[in-house]
Amino acid sequence: MTQRRDLLRLALASGACWVAPGWLAAARAQGAGGVLRIGMAAPNTTLDPHLLSNAPNNAVATHIFDSLIVNDHASRSVPGLAESWTRQDDTHWTFRLRDVRFSDGTPFTAEDAIVSIRRATEIPSAASFRTYTRSIKAMSAPDPYTLLVETRAPDPLLLNSIGRVRIISAKFKDAPSAEFNAGRAAIGTGPYVLREYVPGNRIVLDRNDSWWGGRTPWERVELRVVTDDAARLAGLLAGDLDIIEAVASGNTDRIRGDQRLHLISGISSRFVYLGMDQVNEVSPHVTGLDGRPLDRNPFKDLRVRQALSMAINRQAIAERVMEGQAVVATQFLPKGGPGTDPTLEVTPFDPNRARALLAEAGYPRGFRLTVHGPNDRYINDAKIVQAVAQMFTRIGIECRAEVMPWATYAGRNSQRTEHSCFLGAWGVNTGETSNPMSALIASEDKAAGFGISNGGRYSNPEVDRRLKEALRTMDDNARNALLGEASGIAFRDVALIPLHHEVSVWAAKKGVGYVTRADQYTLAMGVTKEG
């Protein structure tokens, strides 16, 4: 655990609008003194905390719903609704729960926790929480404030995993997602209570003065979705926003030059990569130079994957595209992190060797390819896609970039058959590599929760074997050795093309501070009043 914490410190469905009655009048009467206005870079897509696991959804849900275990700013497991826990043996855990109430006055009990974990596991989803709950075999409640959990096998990451599941009231166990988006089921025990939700535009929250964690500094929070970098900055400069996330690298000098503002930065655990279709016999966005579909999928050939990786000048992307807000990646975490392969080096930028590999694979004149990505989700995501497309073109692949809003891209990319080569990212928030490995490169097994975000459907039995063994190994050193072996196999096989780890940057008014998080979430609970 010490190694994991040190690494994180050093490196790292839309719905109907719901408005609570009379909120505008109340806002006018209250004034601006207790209001915090946050400029969010990416929209959440639902208020259902179990429907789609991605950073925007999870960050918003954290304001309204608590979890049994809280993953703090450094991804450490600390008490949440479970005030304490005991591991009886390798597969049996006892959690002692807090005596608290939901915001509608309903008591929280172990039954609510059981219902929430089951719902998060079973709800049909393109980005399921099952990857976090798959090890749970049984749950029971001998009394309202005791939860017993039995796992199928030893699970060394159980605490971190169940910290991803937000707790709802058991009475809403069968509520459709639309009921959460409408506000009727969005009832939690968290620090804030939902006041207004306008999908793709804003979420307005009121402080929950009865929250067990204590009153936050802000009486009201407005999470405003402003996907355009320039518009977020303009809102901050005009005084319409108090803090903004995902500051574009080209805007940092402008902020440094304004005495009213300051920058806040921290290295995140987000791993940015390119995925490739490795399952379809004919890939949807690859053709010959004549525009006709190829008779085989080039990404199934290791030499093609190696060629694409060698065509990318990662240092140039980190320094120029990201303007220093990135660290070049070789694998899920920087070398030396738990579960990494110490022998993996940065793939050399070698266009000549890349052309030779394409020729060896039977593509001496290259082919045509479209690279897809979002334009409002990751730092400089559209620019990254465009830079990669240009680099691929220089080795003989006629490549074009196609980007789209995250709300569209997330849905299309989850279909697994939409894109041939695509930009992705994953927050490695367990502080070791089993979580991204389980989600991104494990062979797809929905029932077991593996491969839930494996967009290219990469599959390697040797990676799977080591991963599954690691996931039942309680000894940290032995587990990390197995994960390191699996990482080495996967990245030498170019399961994914690693690009970089993001450096997260916020900008805020003077007097407003923020405790940066490895998971890059922007949470009102971490925004402080300074001075």
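Coordinate-derived values only; no laboratory data. Nothing here was measured: the structure is a model prediction, and the numbers come from that model. Note: ideal-geometry Cβ built from the backbone for every residue, glycine included; neighbour counts use all protein chains shown.
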| query | Normalised by the number of residues in the range 73-205, what is the relative contact order in percent for Cα pairs under 8 Å and 6+ residues apart? | reply | 25 percent
| field | Extended-chain gain in nm, criterion 0.36 nm per residue less alpha-carbon gap, residue 209 and residue 263 | value | 16.4 nm
| What is the spread of the Cα atoms of the range 2-225 along each of their three principal axes, largest first, in whole Å? | 56, 43, 34
| Net dipole in debye of the chain [+1 Lys, Arg Cβ; -1 Asp, Glu Cβ; about Cα centre; nearest 20] | 500 debye
| said: Suppose we look only past 32 Å in the calculated P(r) of the chain. What percent of the Cα-Cα pairs does that tail hold? | reply: 43 percent
| message | Only sites in a loop by DSSP and with at most 12 other Cβ atoms within 10 Å count here; which trypsin sites (Lys or Arg not before Pro) in the range 462-525 make the cut? | response | 510
| query | If r is the Cβ-Cβ distance from residue 150 to residue 360 and R0 is 35 Å, what FRET efficiency results, to the nearest 0.05? | reply | 0.10
| said: Which one, 364, 239, 330, projects farthest toward the positive side of the charge dipole computed for the chain from Cβ point charges (K/R +1, D/E -1)? | reply: 239
| task | Give a residue-ordered list of calculated ³J(HN,Hα) values for the range 496-503 (Karplus: 6.51 cos²θ - 1.76 cosθ + 1.60, θ = phi - 60°; whole Hz; x for Gly, Pro). | result | 9, 9, x, 10, 6, 9, 6, 9
| query | For the range 35-110, with equal point scatterers placed on the C-alpha atoms only and solvent neglected, what are the log10 I(q)/I(0) values from the Debye formula at q = 0.21, 0.22, 0.27, 0.28 1/Å, to two decimals? | reply | -1.13, -1.17, -1.25, -1.26
| query | Sequence-distant or interchain residues sharing an amide H contact under 5 Å with residue 195, placed H: which? | reply | 204, 205, 206
| Could you give the Stokes-Einstein D for the range 344-418 in µm² per second, using the C-alpha Kirkwood radius, 20 °C, 1.002 mPa s? | 155 µm²/s
| task | Take each of the peptides 155-163, 255-263, 396-404, average the number of other beta-carbon atoms within 10 Å over its residues, and list them starting from the highest. | result | 155-163, 396-404, 255-263
| remark: Which residues qualify? For residue 241, with a placed amide H closer than 5 Å and at least 5 residues away or on another chain, they are 236
| said: Through the Karplus equation 6.51 cos²θ - 1.76 cosθ + 1.60, θ set to phi - 60°, convert the phi angles of the range 464-471 into ³J(HN,Hα) values in whole Hz; use x for Gly and Pro. | reply: 4, 4, 5, 4, 5, 5, 4, 6
| request: Please work out the FRET efficiency for the pair residue 78 and residue 481, using the Cβ-Cβ distance as r and a Förster radius of 22 Å; give the result to the nearest 0.05. | output: 0.20
| Could you give the length gained on full extension between residue 296 and residue 174, defined as 0.36 nm per residue of separation minus the Cα-Cα distance, in nm? | 39.4 nm
| field | Table column - 3J(HN,Hα) (Hz), the range 395-402, Karplus curve with 6.51, -1.76, 1.60, x for Gly and Pro | value | 9, x, 9, 6, 10, 10, 9, 10
| request: Give the residue from 506, 487, 471 lying farthest towards the positive end of the charge dipole for the range 447-531; charges sit on Cβ (+1 for Lys and Arg, -1 for Asp and Glu) and the dipole is referred to the Cα centre. | output: 506
| task | Please get the size of the charge dipole for the range 420-531, origin at its Cα centre, with Cβ charges of +1 on Lys and Arg and -1 on Asp and Glu, quoted in debye to the nearest 20. | result | 400 debye
